[in-house]
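The values are calculated or read from the model by the stated rules, or taken from the named source; none is laboratory data. Please read all numbers here as calculations on a predicted model, not as lab measurements. We place every Cβ from the backbone using ideal geometry, glycine too, and count neighbours over all the protein chains shown.
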Amino acid sequence: MLSDLLITTAGLTLLVVGGDSMVRGASSLAARLGVSPLAIGLTVVAFGTSAPELFVNVTAAIQGNTGLSFGNIFGSNMANIGLIIALTALVGPLPINNVVISREVPMMLLATLVAATLGVDALLGDSISSFDRGDGIVLLLIFSVFAYYTLRDLVRQRGGEFEDEFSAGPAPRVPEHGHATSIALTAAGLALLAAGGAVTVHGAEGVARELGVSEAIIGLTLVAVGTSLPELVASIIASMRGHPDMAVGNVVGSNIFNLLIVLGTTATIRPIPVPPGGAIDLLIVILLSTLLWLTSMSQGRTIIRAEATMLLILYFGYMGVRTLA
């Protein structure tokens, strides 16, 4: 037990150091390349902090542990909204950029609805609900469309065509580093986040087994929260450093990445059955995504502490019920 606790602590340390390094590097790189922190949050930071989910899921799929894969993906998306967005908004109100409300959050909600629909085969007459290879390919194709439009807009933004859409007031002050240093900081941060996520999950799994927690619950709770720690660290640090747009973009982009790339890749490697109670998990992910969309348009397009508290209560309430069921 002690060794597992020490491993978990080491993983958390790697996550904190990696989150700070990546936000510093990405912010500076954004300023030097003329790209907004929001855009960096939606791409580099979001995809980088989802690396632990991808690493854990591909490994689990190869080993045949598909129950862990399901819980990790959808549990991570629950944690991203009900835990990470909520905690970040408790640190300080989160203003939501226009482009996030008009495109990114609806895209996340669409990806959630598509994934949930693909996972309820039993409602269509099949004996078992699962994400098969065909579903995985569909999700990867949808991501390719999303990636095309995102990258196209980044190129056009550098030309000034989307300056108003991607900007939310005066640009925040960012650390100035050279290109090489910015890239090195970002790469080092991503590497530390991926390593920290893997080490943290390994240690947490050991602690859970010592306590007699089932594998099914490990995937939805400890593994999901463990692989979401990079998003939590990166979002809170980004918010504290005056980049709330990067914090929100990180979570939204990460959820899209989890549903389309991580789930798509994992299902392509090995079909993922929906476990008992999994249909309710899918409904909760849809509910949290819908609430994020609604709260992002209220209170002057800012997520306030009262809304953050509501998301937090919903998340912990469901996790409590799911664990005890």
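Listing for the model above:
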read-out	value
Residue in region 126-142 that is modelled with pLDDT of 80 or more, farther than 24 Å from Ala224 by Cβ, part of a helix (DSSP H, G or I) and within 20 Å of the chain's Cα centre (by Cα) present	yes
Top-ranked residue of region 77-116 - restricted to ones that are assigned to a helix (DSSP H, G or I) and among the polar types (S, T, N, Q), ranked as modelled with the lowest pLDDT	Asn98
Matching option when the condition is farther than 30 Å from Pro273 by Cα, modelled with pLDDT under 80 and not aliphatic (A, V, I, L, M), among Glu165, Glu205	Glu165
Residues of region 265-297 satisfying the condition of being in contact with a strand residue (DSSP E or B) (Cβ under 9 Å, 6 or more places away or on another chain) and touching a residue at least 60 places away in the same chain (Cβ under 8 Å)	Thr266, Ala267, Pro271, Ile272, Pro273, Val274, Leu292, Ser296
Hey, Leu192 free of Cβ contacts under 8 Å to residues at least 24 places away in the same chain, more than 19 Å from Asn80 (Cα to Cα) and either crowded, with 22+ Cβ neighbours inside 10 Å or of a type outside the set (Gly, Ala, Ser) (or both) or not	no
Among the residues listed as Gly48, Gly18, Gly41, the single one being buried (at least 24 other Cβ atoms within 10 Å of the Cβ) and at pLDDT 80 or above	Gly18
Qualifying residue in region 289-299 (condition: under 15 Å from the mean Cα position of the chain (by Cα) and either buried (at least 16 other Cβ atoms within 10 Å of the Cβ) or farther than 30 Å from Ile137 by Cα (or both))	yes
